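Taking it in order: structure first as structure tokens, then the write-up.
The values are calculated or read from the model by the stated rules, or taken from the named source; none is laboratory data. Please read these numbers as outputs of a predicted model, since none were measured by experiment. With ideal geometry, Cβ positions are generated from the backbone for all residues, glycine too; neighbour counts draw on all protein chains shown.
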Amino acid sequence: MHKTGKAVAKIITYAVLLAVLIFAVFPIIYIILSSFKTNAEILVGGTNIFPKEWHFENYVEAWNLANFGRLTMNSIFYSFFVIVGCVLTASVSGYVFARGKSKFTKFVYKMVLCSMFISIGTLALYPQLGLAKNLGLSGSLLGPIIIRVFGMNTTQVFIATGNVSQIPRELDEAAKIDGCGFFKTFIYIIFPLLKPLVATIGLLSFRTAWSDYLLPYVFTISKRDKWPLVVGLVSLKSSGESASSWNLMLAGIGISILPMTIVYLVLNKFFISGLTEGAVKG
């Protein structure tokens, strides 16, 4: 009876994992395979997910129509500054919240955590765009960069606080004896120990920035030369011979997810470590 229960539990576990795998991976597989189809074949649909003929020219046409070189450079620019900014703001905030003893610091941290459960969605775009216009930042990617960096990503701050909490306070005390102040201790003692955290926040920030559509689009709607890759990809849907060129857009998506996949594979080890360390103690 005991063996039967264990066998049933194992079957259920594997069934759930298989379902998660299918729902998580199938959309990616569908995108890649459909990117080699003709537009007519995609619109007709059907049960066959494999293309009847492999049209590699979809990728060449998508690259040329969307001006991928320019779009990619814009996305690299946008992603780089978002990553650097988020790593700095999240790690410094995490250090302050983990080491701060004042009631005010604890109050601010609780308020930051509360924002994890409060979202106003796209309603924030109107005041953000208005502020950007007043500061002369509309029509460029600087506005979205500032919003992403200083918008206080609560999840990243929470992970950073948990990671810093795992570092013994004795290191801070030893640095203080040697004459280091609060932020000097962070720069020379704490930050070098946060490599897994840097990789984790960097990867999360890269994912957000590289796939960011609405915010850059709203700020650069009239400046096509400033569009990042994802914004340009959407325009591919109406760039072909038909009204909706899904094959070209899917080919563009296939190209765009390649950098994200490579970055994840490189940073996967540190990413998992950064998440688990931050989850132990917050």
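Per-structure values
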{"quantity": "In segment 98-132, residue nearest to the chain's Cα centre (by Cα) [restricted to those that are part of a loop (DSSP other than H, G, I, E, B) and at pLDDT 75 or above]", "calculated": "GLY100"}
{"quantity": "Residues satisfying the stated conditions in segment 174-192, i.e. surrounded by fewer than 18 Cβ atoms within 10 Å (Cβ to Cβ) and over 17 Å from PHE97 (Cα atoms)", "calculated": "ALA174, LYS176, ILE177, ASP178, GLY179, CYS180, TYR188, PRO192"}
{"quantity": "Long-range neighbours under 6 Å by Cβ, at least six apart or interchain, first residue touching a residue at least 40 places away in the same chain (Cβ under 8 Å) within segment 83-97, second small (Gly, Ala, Ser)", "calculated": "ILE83/GLY202; ILE83/SER205; CYS86/SER205; VAL87/GLY202; ALA90/ALA160; SER91/ALA160; GLY94/ALA160"}
{"quantity": "Residue match in segment 213-235 (condition: touching an Asp or Glu at 6+ places or on another chain (Cβ under 6 Å) and either modelled with pLDDT of 85 or more or within 29 Å of LEU141 (Cβ to Cβ) (or both))", "calculated": "no"}
{"quantity": "Output for segment 158-168, where each listed residue is among the β-branched types (Val, Ile, Thr), buried (at least 21 other Cβ atoms within 10 Å of the Cβ) and closer than 18 Å to TYR188 by Cβ", "calculated": "VAL164"}
{"quantity": "Residue in segment 26-33 that is part of a loop (DSSP other than H, G, I, E, B) and under 22 Å from LEU229 (Cβ atoms) present", "calculated": "no"}
{"quantity": "Selection from segment 215-233 of residues that are surrounded by 20 or more Cβ atoms within 10 Å (Cβ to Cβ) and of a type in the set (Gly, Ala, Ser)", "calculated": "GLY232"}
{"quantity": "Pairs, first more than 12 Å from VAL157 (Cβ to Cβ) in segment 106-131, second basic (Lys, Arg) and at pLDDT 80 or above, C-beta under 9 Å, six or more apart", "calculated": "none"}
{"quantity": "Single residue of LEU88, LEU71 found to be in a helix (DSSP H, G or I), surrounded by fewer than 17 Cβ atoms within 10 Å (Cβ to Cβ) and touching a helix residue (DSSP H, G or I) at 6+ places or on another chain (Cβ under 9 Å)", "calculated": "LEU88"}
{"quantity": "Entirely in segment 133-234, the helices (runs of 4 or more DSSP H) that have 1 or more residues that are of a type in the set (Val, Ile, Thr) and under 21 Å from GLY85 (Cβ atoms)", "calculated": "142-150, 154-165, 195-210, 214-219"}
{"quantity": "Residue check, LEU171 surrounded by 18 or more Cβ atoms within 10 Å (Cβ to Cβ), at pLDDT 85 or above and over 16 Å from the mean Cα position of the chain (by Cα)", "calculated": "no"}
{"quantity": "Residue list for segment 46-72, filter: among the small types (Gly, Ala, Ser) and farther than 14 Å from GLY254 by Cβ", "calculated": "GLY46, GLY69"}
{"quantity": "Any hit, segment 35-42, residues being modelled with pLDDT of 80 or more, surrounded by 10 or more Cβ atoms within 10 Å (Cβ to Cβ), in contact with a Gly (Cβ under 6 Å, 6 or more places away or on another chain) and in a loop (DSSP other than H, G, I, E, B)", "calculated": "yes"}
